[in-house]
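*Asks:* Please read through the structure below; I'll follow up with questions.
The values are calculated or read from the model by the stated rules, or taken from the named source; none is laboratory data. Note that the structure is a prediction, hence the values are computed from the model and not measured. Every residue, glycine as well, gets a Cβ built from its backbone with ideal geometry; the counts of neighbours run over all protein chains shown. With ligands, DNA and RNA removed, areas are computed over all heavy atoms of the protein, side chains included. Shrake-Rupley method; radii C 1.70, N 1.55, O 1.52, S 1.80 Å.
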Amino acid sequence: MKERLRELEQEAIEKVTTANSLQALQDVRIEYLGKKGPITEVLRGMGKLSAEERPVIGALANEVRAAIQTNIEEKQDYLQQQALEAKLAEETIDVTLPGRPVKRGNAHPLTQIIEEIEDLFIGMGYTIAEGPEVETDRYNFEMLNLPKGHPARDMQDSFYISEETLLRTHTSPVQARTMEAHKGKGPVKIICPGKVYRRDADDATHSHQFTQIEGLVVDKDIRMTDLKGTLDVFAKRMFGEDRSIRLRPSFFPFTEPSVEMDISCKMCDGKGCSVCKGTGWIEILGAGMVHPNVLEMAGFDSNEYTGFAFGMGPERIAMLKYGIEDIRNFYGNDQRFLHQFHRPSEEGGR
Ligand code: FA5
């Protein structure tokens, strides 16, 4: 039995020497020191030995077991150290390499257009007003001369939240809210940028959620020519001095008279092309003189005060200005699209 134990020790140590991975080492441990291993078997058979032999063989078995164990541990330390060294060698950092440039972000093109329009109107003495996106039927429609059941409500398909609340379909409710807050005293001179929502099917020029910028001026002696002059300045500053505008009769329940403003097509210089559908003009906003009913409902004396209002879609304006063919580009979050719109202050680090 002594010989058998020495043989096992020899065998195990040889296997430890040739084991070249932690897994192989673990296999040797299980094979020789495991519950079903040969040393355990020897210990189990000790009952058959004489009383003199038993302590001798027992001590030897423990000695062999300890020797194998120590061998395995030493090899394990060695293999672990080797693995660590290999990993470190592989991951060497070259501190002399140039750094990777961090892409500098930029404001969303729509934010840029809205800020540009805001700046333009602030320069003309307007202040910025805001209103809620979840609006009441009263402000979104009734205060704008659109009582319940009015057929013109169908012009703007709405997302209703309850019978009396909806996602605003335009920024015009801010007109009513602002006039009401002025308690019948002019002047009022505001623009209101914000998100609006309509049950429109999405296509290249329509989105179910888009932005509008509303303008409102209420004072004594405000005339249609003031509206026309303001829109002309706006169009020329936005699109260039060589652009001209035209006002076409239209209908909005909250303005009388109502107009739609077209701008001469930049692509064909007004000659007619596919972009302007052969007309030489492109529609960009709705406007008109504030309806006397709207002034009165908001607490203004329509014999004393007059006003004009307009509402435009910044997406359509940005599309025209930058030649963007599909409105969905603004909402797709495609970095390749968005990164084309760096303002001079956002250059660098690209
Ligand atoms: C209105 O919403 C009126 N409130 C505008 C107004 C204000 C008229 C003040 C008179 C006085 P309209 O539905 O035409 O009007 O929308 C105005 C602009 O919003 C359009 O010219 C267009 O640029 C934009 N627009 C309308 N529907 C969509 C849509 N589904 N997707 C993107 N832009 C849209």
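*Asks:* Given the condition assigned to a loop (DSSP other than H, G, I, E, B) and either aromatic (Phe, Trp, Tyr) or in contact (Cβ under 8 Å) with a residue 24 or more places away in the chain (or both), answer yes or no: does some residue in segment 45-52 qualify?
*Replies:* First, pick out the residues of segment 45-52 that are assigned to a loop (DSSP other than H, G, I, E, B): 49-52.
If we keep only those that are either aromatic (Phe, Trp, Tyr) or in contact (Cβ under 8 Å) with a residue 24 or more places away in the chain (or both) as well, we get 49.
The answer is yes, given that some residue of segment 45-52 is assigned to a loop (DSSP other than H, G, I, E, B) and either aromatic (Phe, Trp, Tyr) or in contact (Cβ under 8 Å) with a residue 24 or more places away in the chain (or both).
*Asks:* Here is a further query. Out of all the residues in segment 168-176, is one or more touching a residue at least 40 places away in the same chain (Cβ under 8 Å), under 21 Å from Ile327 (Cα atoms) and within 14 Å of the ligand (Cβ to nearest atom)? Spell out the reasoning first.
*Replies:* The first filter runs over segment 168-176 and keeps only residues touching a residue at least 40 places away in the same chain (Cβ under 8 Å), leaving 170-176.
From the residues that got through so far, the ones that are under 21 Å from Ile327 (Cα atoms) too are 170-171.
With within 14 Å of the ligand (Cβ to nearest atom) added as a condition, the list becomes 170-171.
Within segment 168-176, one or more residues are touching a residue at least 40 places away in the same chain (Cβ under 8 Å), under 21 Å from Ile327 (Cα atoms) and within 14 Å of the ligand (Cβ to nearest atom).
*Asks:* Hey, any hits in segment 141-162 for a residue that's within 9 Å of the ligand (Cβ to nearest atom) and modelled with pLDDT under 95? Walk me through it before giving the result.
*Replies:* Restricting attention to segment 141-162, the residues satisfying the condition of being within 9 Å of the ligand (Cβ to nearest atom) are 144, 155-156.
Narrowing the set further to residues that are modelled with pLDDT under 95 leaves 155-156.
Taking every residue of segment 141-162 in turn, at least one turns out to be within 9 Å of the ligand (Cβ to nearest atom) and modelled with pLDDT under 95.
*Asks:* Quick check, is Gly307 outside any helix (DSSP H, G or I), closer than 30 Å to Met179 by Cβ, touching a Gly at 6+ places or on another chain (Cβ under 9 Å) and not charged (D, E, K, R)? If you could, list the steps in order and put the result at the bottom.
*Replies:* On the way: outside any helix (DSSP H, G or I): yes; closer than 30 Å to Met179 by Cβ: yes; touching a Gly at 6+ places or on another chain (Cβ under 9 Å): yes; not charged (D, E, K, R): yes.
It is true that Gly307 is outside any helix (DSSP H, G or I), closer than 30 Å to Met179 by Cβ, touching a Gly at 6+ places or on another chain (Cβ under 9 Å) and not charged (D, E, K, R).
*Asks:* Report yes if some residue within segment 126-143 is among the aliphatic types (A, V, I, L, M), more than 33 Å from the chain's Cα centre (by Cα) and surrounded by 14 or more Cβ atoms within 10 Å (Cβ to Cβ); otherwise report no.
*Replies:* Taking segment 126-143 as the starting set, the residues that turn out to be among the aliphatic types (A, V, I, L, M) are 128-129, 134, 143.
With more than 33 Å from the chain's Cα centre (by Cα) added as a condition, the list becomes 143.
Retained after the next criterion (residues that are surrounded by 14 or more Cβ atoms within 10 Å (Cβ to Cβ)): 143.
Yes, the conditions are met somewhere in segment 126-143.
*Asks:* Would you check which residues across segment 179-192 are in a strand (DSSP E or B) and open to solvent by less than 20 Å² (accessible area, probe 1.4 Å) and list them? Steps first, answer last, please.
*Replies:* Residues of segment 179-192 in a strand (DSSP E or B): 188-192.
Passing the criteria: Val188, Ile190, Ile191, Cys192.
*Asks:* While we're here: In segment 221-233, how many are surrounded by 18 or more Cβ atoms within 10 Å (Cβ to Cβ) and either within 13 Å of the ligand (Cβ to nearest atom) or outside any loop (DSSP other than H, G, I, E, B) (or both)? Show your work before the answer.
*Replies:* Going through segment 221-233, the residues surrounded by 18 or more Cβ atoms within 10 Å (Cβ to Cβ) turn out to be 222, 227, 230-231.
Narrowing further to those that are either within 13 Å of the ligand (Cβ to nearest atom) or outside any loop (DSSP other than H, G, I, E, B) (or both): 227, 230-231.
Residues that pass the stated criteria total 3.
*Asks:* Only one of Val42, Val102 is modelled with pLDDT under 85 and either closer than 30 Å to Thr230 by Cβ or surrounded by 13 or more Cβ atoms within 10 Å (Cβ to Cβ) (or both). Can you tell me which? So that I can check it myself, show each step before the final result.
*Replies:* Values: Val102 fails: either closer than 30 Å to Thr230 by Cβ or surrounded by 13 or more Cβ atoms within 10 Å (Cβ to Cβ) (or both).
Only one candidate passes the filter, namely Val42.
*Asks:* Just the residues that are small (Gly, Ala, Ser) and either in a helix (DSSP H, G or I) or crowded, with 19+ Cβ neighbours inside 10 Å (or both), please, taken from segment 1-36. Spell out how you get there, then give the answer.
*Replies:* Here is the first cut: in segment 1-36, the residues small (Gly, Ala, Ser) are 12, 19, 21, 24, 34.
If the condition is that a residue be small (Gly, Ala, Ser) and either in a helix (DSSP H, G or I) or crowded, with 19+ Cβ neighbours inside 10 Å (or both), then Ala12, Ala19, Ala24 are the ones that fit.
*Asks:* What is the residue count in segment 202-220 for residues that are near the ligand (Cβ under 7 Å from one of its atoms), at pLDDT below 95 and open to solvent by less than 40 Å² (accessible area, probe 1.4 Å)?
*Replies:* The number of residues fulfilling the criteria is 1.
*Asks:* Then there is this: Restrict the check to segment 314-326 and report whether at least one residue is more than 10 Å from the ligand (Cβ to nearest atom), open to solvent by 70 Å² or more (accessible area, probe 1.4 Å) and of a type in the set (Asp, Glu).
*Replies:* yes
*Asks:* From the list Pro151, Pro101, Pro109, which one is within 27 Å of the chain's Cα centre (by Cα) and farther than 17 Å from Gly194 by Cα?
*Replies:* Details: Pro151 fails: within 27 Å of the chain's Cα centre (by Cα); Pro109 fails: farther than 17 Å from Gly194 by Cα.
From the options Pro151, Pro101, Pro109, the qualifying one is Pro101.
*Asks:* Somewhere in segment 250-273, is a residue open to solvent by less than 40 Å² (accessible area, probe 1.4 Å), touching a residue at least 40 places away in the same chain (Cβ under 8 Å) and outside any strand (DSSP E or B)?
*Replies:* yes
*Asks:* Identify, please: which residue in segment 276-296 is away from the ligand (no atom under 15 Å from the Cβ) and either charged (D, E, K, R) or open to solvent by 40 Å² or more (accessible area, probe 1.4 Å) (or both) and is, among those, farthest from the chain's Cα centre (by Cα)?
*Replies:* My answer is Glu296.
*Asks:* Would you pick out the residues in segment 109-143 that are outside any helix (DSSP H, G or I) and either within 19 Å of Ile191 (Cβ to Cβ) or touching a Phe, Trp or Tyr at 6+ places or on another chain (Cβ under 6 Å) (or both)? If you could, list the steps in order and put the result at the bottom.
*Replies:* The initial filter retains those residues of segment 109-143 that are outside any helix (DSSP H, G or I), namely 123-136, 141.
Listed by number, the residues that qualify are Gly123, Met124, Gly125, Tyr126, Thr127, Ile128, Ala129, Glu130, Gly131, Pro132, Glu133, Glu135.
*Asks:* Please determine whether any residue of segment 328-338 is in contact (Cβ under 8 Å) with a residue 12 or more places away in the chain, within 16 Å of Thr205 (Cα to Cα), within 15 Å of the ligand (Cβ to nearest atom) and touching a strand residue (DSSP E or B) at 6+ places or on another chain (Cβ under 7 Å).
*Replies:* Checking segment 328-338: not a single residue is in contact (Cβ under 8 Å) with a residue 12 or more places away in the chain, within 16 Å of Thr205 (Cα to Cα), within 15 Å of the ligand (Cβ to nearest atom) and touching a strand residue (DSSP E or B) at 6+ places or on another chain (Cβ under 7 Å).
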